[in-house]
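The values are calculated or read from the model by the stated rules, or taken from the named source; none is laboratory data. What you see is a predicted model, and the numbers here were worked out from it, not measured in a lab. Every residue, glycine as well, gets a Cβ built from its backbone with ideal geometry; the counts of neighbours run over all protein chains shown. What goes into the accessible areas is simple: the full protein's heavy atoms, side chains included, and nothing from ligands, DNA or RNA. Shrake-Rupley method; radii C 1.70, N 1.55, O 1.52, S 1.80 Å.
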Amino acid sequence: MHFRHTNRNADITRHLAVEAARIMDDQGIQEFSIARRKAAERLNIRDPSLWPKNTDIEEALLEHRRLFNHETHLNALHELRSCAFRLMQLLQQFQPNLVGSVLSGSADQHSEICLHVFTDEPEQVLLHLLERSIHAQHAEKKTQFTSVRLITLPCFKFVADQHPIELVVFPVTGLRQAPISPINHKPMLRANLQAVKDLLK
């Protein structure tokens, strides 16, 4: 009996993940938490213990796009990664790394391209952009490194080829330790210029 109950709960969680993925794809929502809440409301599942984790939703999202708009998704992903590659070439002196949904493959045409860059002088990044007529908005990004270590880093936001861009500026020592991914709570995957070039092949 307990086994049946466990299976039923797993089915509910899976159903919620699929619905959250559909909502993200249909509505262009980027935040897993918003899609999860919308799915729970739509299916009237009020018990948070049954709600899917971010990894469940990301897996369902990838499957949804493979099934329903595979070609469109691949084209959008290639365009995003191509844009990221061109930016990384432009920012090569700051050892840029691609992170997030554009790297993982769950991005769509609305997704933000997020790059980590490394320098002990963040103003040099801004100057580098301005010299190339790129006007960026300065902001701050709270970044998790361990369960107890949260730091605030400078970042710059702008638009390139109609895609929103976020550059998060780490000190040079930040190359040695990636921050924690908000999706799976493991060290965030990063891809350097060569790795992104290989992805585009």
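Run down R36, R81, R65, R22 and say which single residue is assigned to a helix (DSSP H, G or I), free of Cβ contacts under 8 Å to residues at least 24 places away in the same chain, touching a helix residue (DSSP H, G or I) at 6+ places or on another chain (Cβ under 8 Å) and not hydrophobic (A, V, I, L, M, F, W, C). Selected residue: R36, the only one of R36, R81, R65, R22 that is assigned to a helix (DSSP H, G or I), free of Cβ contacts under 8 Å to residues at least 24 places away in the same chain, touching a helix residue (DSSP H, G or I) at 6+ places or on another chain (Cβ under 8 Å) and not hydrophobic (A, V, I, L, M, F, W, C).
Taking the listed residues K186, K197, K201, the one that is under 25 Å from L62 (Cβ atoms), open to solvent by 90 Å² or more (accessible area, probe 1.4 Å), at pLDDT 95 or above and among the charged types (D, E, K, R) is K197, with no other qualifying. Screening the stretch 50-89 for residues that are open to solvent by less than 10 Å² (accessible area, probe 1.4 Å) and among the small types (G, A, S) and picking the one that is farthest from the chain's Cα centre (by Cα) gives A60.
Criterion applied to F158, F145, F170 was being of a type in the set (F, W, Y), modelled with pLDDT of 95 or more and closer than 17 Å to M188 by Cβ, and the one residue passing it is F170.
Give the residues of the stretch 103-150 that are in a strand (DSSP E or B) and open to solvent by 50 Å² or more (accessible area, probe 1.4 Å), sorted by residue number.
Step one: filter the stretch 103-150 for residues in a strand (DSSP E or B), giving 113-118, 137-144, 150.
Within the stretch 103-150, Q137, H138, E140, K141, K142, Q144, L150 qualify.
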